[in-house]
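First the structure, in the form of structure tokens, and then the observations on it.
The values are calculated or read from the model by the stated rules, or taken from the named source; none is laboratory data. None of these values were measured; they are calculated from a predicted model. As a convention, Cβ positions derive from the backbone with ideal geometry for all residues, glycine included, and neighbour counts pool all protein chains shown.
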């Protein structure tokens, strides 16, 4: 995808950030404002170093629409189309975070969540499957996530302004999809091989 229009781009030490705003939807949630932020390292193989830098300074990671308010003239501009999906059983992660009771017998009792006979054993969580998909193309972004729980019975600093900026995402980059008014990140990912993205 390419464009000759001015874009919201900020140049940081070692990387650039592009903000692509989404149009507000209709219905009852017109007070929400979503944007995609693409973090592009200056160096072709600079994604690991950029990620380490951003992880050590979380304030730098969370770019806000307030810091990217001016569109700048763009020279070369290219963002690839891509589709990413991720699927995992999050049960172990939840246990590591301290959510243990729903997974343990006899402590957990989720029997009121399902219809069962009175003599049935207690119900516990055995697995938590999570899947997310993000597709970016010329029409915009489609993102979705779903979580399924399986239960079983009774078992166990900004740089100087730039006049014309090139933003060519032809090497690995990171992206966030964020609700700008609350600052909540709803999706995050990395594109490690943009040339093979669909």
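Could you tell me whether residue 125 is modelled with pLDDT under 75, more than 23 Å from residue 189 (Cα to Cα) and in a strand (DSSP E or B)? Answer is no for this residue. Considering the range 1-97, the qualifying helices (runs of 4 or more DSSP H), each wholly inside and each with 1 or more residues that are modelled with pLDDT of 80 or more and farther than 17 Å from residue 194 by Cα, run over 47-56, 91-96. For the range 68-83, the candidate set comprises residues that are surrounded by fewer than 17 Cβ atoms within 10 Å (Cβ to Cβ) and within 19 Å of the chain's Cα centre (by Cα); within that set, the residue that is nearest to residue 139 (Cα to Cα) is 81.
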